[in-house]
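Everything on this sheet refers to the single structure shown next.
Just so it is clear, none of the values below were taken in a lab; they were calculated from the coordinates. Predicted, not measured: the structure shown is a model, and the values here were computed from it. Backbone-built Cβ (ideal geometry, glycine too); neighbour counts: all protein chains shown.
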Amino acid sequence: MPVAILILVLIAYAYVMLSTPKARVPGAVAGLVIAAGLGWYFYSTSSETVTASRRITVEDLRIDQLQLDQTVRGATLRGRVENLSQTGRLREMTIEVRLFDCPDATTDLAQCAIIADGSAIARVDVPPGQLRAFSGYYVFPDRPDVTGESRWESRVIAVRATEY
């Protein structure tokens, strides 16, 4: 609806500018002032996406009891997340998972072959100071068979939160 109203206002503005020669100069000045004001407003106002990613940080989260259940084509990561922030309510977090094929269980991950990686969004509603369970599903369509020891690691790469 706001877009339709904007289009009607622009059509009326164009009609007045074309049909009334005396209104062209004042109309052009008014149009420039309005355009400058809107430009300043949009430039100075952060988008909700940027604001939501700044309300809490990755450091404000404590994640534990991680478990990765692998299937033939993907995996499900389950765990618990605690929101340590006092002001932001966690709404979702993006978690990256990387799978490795290691010669044995004691090999450093830097020495292992990366066989798959991906990210998923875990949508979870965690008020400040509270703990909730979460899960995220990953698809690894080109993952080869593991010849050694299968290992994995995960990390939160982004969060989205609202004010509490």
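Details
- Of the residues T71, I5, M93, the one whose Cα sits farthest towards the positive end of the charge dipole of the chain is I5 (charges of +1 on Lys and Arg Cβ, -1 on Asp and Glu Cβ, taken about the Cα centre).
- C-alpha center-to-center spacing [the range 58-72, the range 99-125] in angstrom: 12
- Mean Cβ neighbour count within 10 Å, used as a protection proxy, ranking 107-114, 144-151, 88-95 highest first: 88-95, 144-151, 107-114
- Sum of side-chain charges, I115 neighbourhood, beta-carbon under 13 Å (Lys, Arg +1; Asp, Glu -1): -3
- For E149, residues with placed amide H under 5 Å, excluding near neighbours: C102, D104
- Helical content alone sets the calculated 222 nm signal of the chain at -9000 deg cm²/dmol, taking -39,500 (n - 2.57) per DSSP H segment of four or more residues and averaging over every residue.
- Test item: Cα-centred dipole of the range 1-148, Lys/Arg +1 and Asp/Glu -1 on Cβ, debye: 1040
- Here P(r) over Cα pairs in 5 Å bins from 0, in percent was calculated from the structure, and among [x] 1, 7, 14, 16, 16, 15, 12, 8, 5, 3, 2, 1, 0, 0; [y] 2, 9, 18, 22, 21, 15, 8, 3, 1, 0; [z] 1, 8, 12, 12, 10, 9, 8, 7, 6, 6, 6, 5, 4, 3, 1, 1, 0 it sits at label [z].
- Relative packing of peptides 61-73, 29-41 - highest average C-beta neighbours within 10 Å first: 61-73, 29-41
- The range 2-45: radius of gyration and largest Cα-Cα distance (Dmax), Å: 12.1, 36
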